[in-house]
1. With a 1.4 Å probe and every protein chain kept in, tell me what percent of the accessible surface of the range 163-206 is carbon plus sulfur.
2. Can you compute the modelled spin-label distance between His123 and Leu749, with each label point 7 Å from Cα toward Cβ, in nm?
3. Residue farthest toward the positive end of the dipole of the range 483-625, with Cβ of Lys/Arg at +1 and Asp/Glu at -1: which of Leu503, Ala529, Ala582?
4. Quick one: which residues, 5+ away or cross-chain, put their amide H under 5 Å from the amide H of Arg64? H built at 1.01 Å from N.
5. What is the sum of charges, Lys and Arg at +1 and Asp and Glu at -1, for the other residues whose Cβ falls under 14 Å from the Cβ of Asp178?
6. With a point put 7 Å past each Cα toward its Cβ, work out how far Asp141 is from Asp178 in nm, to one decimal.
7. Based on Cβ point charges of +1 for Lys and Arg and -1 for Asp and Glu, what charge dipole magnitude is obtained for the range 227-375 about its Cα centre, in debye rounded to the nearest 20?
8. Net charge within 13 Å of Ala564 by Cβ-Cβ distance, Lys/Arg positive one each and Asp/Glu negative one each, not counting Ala564 itself?
Amino acid sequence: MERHVPQLISRDVSGARGLLDRKDLLQLLDRAVTKRLTVISAPPGSGKTSLLRAWADHSTNCRRVAFVSVERDQHDEQRFWCAVLDAIRSPAPSIDSATPPAPTAALDVDQVINSVLAEVAAHVEPVVLVIDDLHELRSADALAQLENLLAILPRSARVVLSSRRDPSIRLHQLRLADDIAEIRADDLRFTEGETRDLLVGSAISLSGAGVAALHQRTEGWAAGLRLAAISLSGHPDPERFVAEFSGTDRAIGEYLMAEMLERQPSEVQSMLLRTSLVDRMNGELADLLAGRSGSERMLLALEEANAFVVSLDAARTWFRYHHLLADFLRLELRRTLADEVPDLHRRAARWFADRGEIVEAVRHLVAAGDWPDAARLVADHSFRWVLDGQAGTIRAVLQAFPEGASVDHPDLALAHAAAELNQGRVEEAAAQLALAESNVQSAPPARRRRLSVATASLRLALARRTGQFDDVIEQVQLLDASIGDASREPIGLDRELRAVALLNLGIVETWSGQFADAERHVTEGAMLAQAIGRPYLEVACRAYQAFPSTGVSLANARERGRHAFAMAERYGLSDRPVLAPAFGAVACMAVWMGEFDEGERLLRRGWDVVQTDVDPAGAVLLHMVTGMLHVGRGEHQSGLEALTAAVRAQSLLTGVHILATVIAEWLAATQARLGMLDEARATLAGFSTEHQRMDSFALTGALISLAEGDPAAALAVLGDVRDMMPPPGFPAYALVEGHVLAGLAHLALGDRNAAAAAAEAALAAAEPDRLIFPFAMADAGELLDVLLHHETAHGALLADIVDLLRGASAPGTDREPASKSDELSPSELRVLGYLPTNLTRAEIAQALHVSINTVNTHIRNVYAKLGARDRSAAVQRARQLRLLSNRISPK
């Protein structure tokens, strides 16, 4: 009796006849039967019979439909052909006929086939012969005869073959003649909209999310939807039913058992059951789980037979089972082979782990109950997932473990810490790190060193978020010693962990002012990341190479930063937050060199990518450089606001940022220039009460004295300027600014010769790194005017600074700007064409194959003739005068 229930299901429920009129499918079949042959090939329960029934009901009087439904396991060829003949003769054939016509003993098969041909030819209207369930025809002779019949039927006749697999007859001639139409499982699959209409037609109320879930779970399979609709009818909680609906549903299970599993040979059943616990498989993995060879051949045969096996790639090497079939098989596996399940999971875990499929390996280890091994894999690869942009994977994998499992497994606690840190939950991350550290000694000796390094690396990453740089000195020392001699590690320190450790080490050292060590570590990290093919990690390391140090000049650091930007662009990583400090550092160097437009562009990019919760120190840098830019342009109020924001951002860090001293000095200096002398003194005093004063504070003190009209006091505060040293990692700005302030003080005292000497000393100190910003910050135009009447060894730099400060036209000059293009020489026009670009003056000189002094001269002349103070103003004025109209800016 149980064997007949699914048979009724296959006939009656798969297409939901009477509940849903699928007009699109009827039209598709209408178009298909214009061809000589139509093949409908799809899994059981896809709605093939229902479609044919509905189409026959909608047939017009201009054609005759002869419907034959092949009996199950039909071996009798004569019985089959008699059924065909009877269908063609009958005026109104029924596909629900309980008993097919009995064979005619007086006729052999050839005679029956000849009669079929004669009957088709005798009908005036076209005949459409529909043969349903052709896969049940087991007679090779009958199939060969059908193949011959297709070749000799009258041209007006049409044949429709419906089967669970492609018919085993040769169709190449028909395909070559474009005389065959094919309808596949994808054509029969219900859409989400049709699923909703089916439920509405069954008077079932379900939410949009519930409809979507049911459609996704059934994959649009008609029988599955209809069986679900039957169960949903009158159900007290339809939403809960859908949430729990799977292949373990009794009706679904009975259908799949009778229509699919029990119809397979025993070796195929065994393979299906044992491979059901993986979401996808190839022949090798299937052989491993099934314990025998030949699995790929079976999977290919099942796919060709539309037996709920789906190939996942064009080469048909990877497969999966229909969701409902997979659920059903897993239930059967637990019911019949429960003792084998843990070992099957372990086999799958080893196979996936050997091929780098760690998420799958962890899932199977957890399913096997091997939590320690699963925890180790998660910890070993958590860094990799973060680097691959799959940080969410850590959280998803950790959900497979029981709550509280990390208490006994330091590996798991470490993975939890990485997941919490990635979400910005620093307190939770710190708690998990503490748990991991407390359990390190209980770990196997072979893993202790790796766990210690991983924990220390995460400690540094946590310090990046909180600014607790002073609190992680022990981790810095541990990592420096551990990763500096990987040869002591008997099993080898994972290269990705080592690279991440080098990055975190370098970042903390950067913000702690240990620039030489930072440069060494991030360079090593970049080289290692390049060797192991980790572009994100390499870009992150190279971004932190954009900081100058005693061994890296301003020019070299700037070039390194540009290299990091180019690499990020090449790998599609230009929007990553890790680039924010590099944008800030290179912008800072552009501001130092007086290239304010370039600095502004880089700052915009930095603010676009920065994430203050990920890298608050980077945000401090961006605030500071923004303030520098405003001050350099004479926008002191805006500069004050930006520097005040930098102080606020700094206060959120629990440790002292390397920039704290510089920010305090420049904030006080800006306050002094705005006449806020008391506030300037309070800023310096408030900072110096907790931190050691530096030479740079003397500069602000001198500036305050100058603002108070006491140049002699300013000189006394400055002392011997030649002894001044900048903070670590900064260019010789303190020396330059000290000479500038001394020069302004001498000028205020009327000693022009001393002022000129101080200005010349300032230029000499500024020349190596082209430090223009200190002159702009001090508004040193009046001091530089003194040098215009003296000889100087730094004429080009002097001209550039003067250009930046006030343009080539002196204040009060009533010279009119140029109005004709011929007022600019051809060489000046060539240089003008480069001004709208982002090229520096040195790069323009290189492009034009002239010296930078020549470019400087031409730019000064352009500024003078256009009446412009800076590059932006010159470009704007040139466009107004149409000097740049119809010109293509050089690349």
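The values are calculated or read from the model by the stated rules, or taken from the named source; none is laboratory data. Computed from a prediction, not measured in an experiment: that's the story for all the values here. With ideal geometry, Cβ positions are generated from the backbone for all residues, glycine too; neighbour counts draw on all protein chains shown. What goes into the accessible areas is simple: the full protein's heavy atoms, side chains included, and nothing from ligands, DNA or RNA. Shrake-Rupley method; radii C 1.70, N 1.55, O 1.52, S 1.80 Å.
1. Numbers: 1150 of 2520 Å².
After summing per-atom areas, the C and S share lands at 46 percent.
2. Going by the 7 Å Cα→Cβ label model, 11.9 nm.
3. My answer, from the dipole projection, is Ala529.
4. Placed amide hydrogens put Val127, Val128 under 5 Å from Arg64.
5. +2
6. 4.0 nm
7. Using only the charged Cβ atoms, the result is roughly 140 debye.
8. Numbers: positive: Arg542, Arg558, Arg560, Arg562, Arg570, Arg576, Arg605; negative: Glu538, Glu559, Glu569.
With Lys, Arg at +1 and Asp, Glu at -1, the net is +4.
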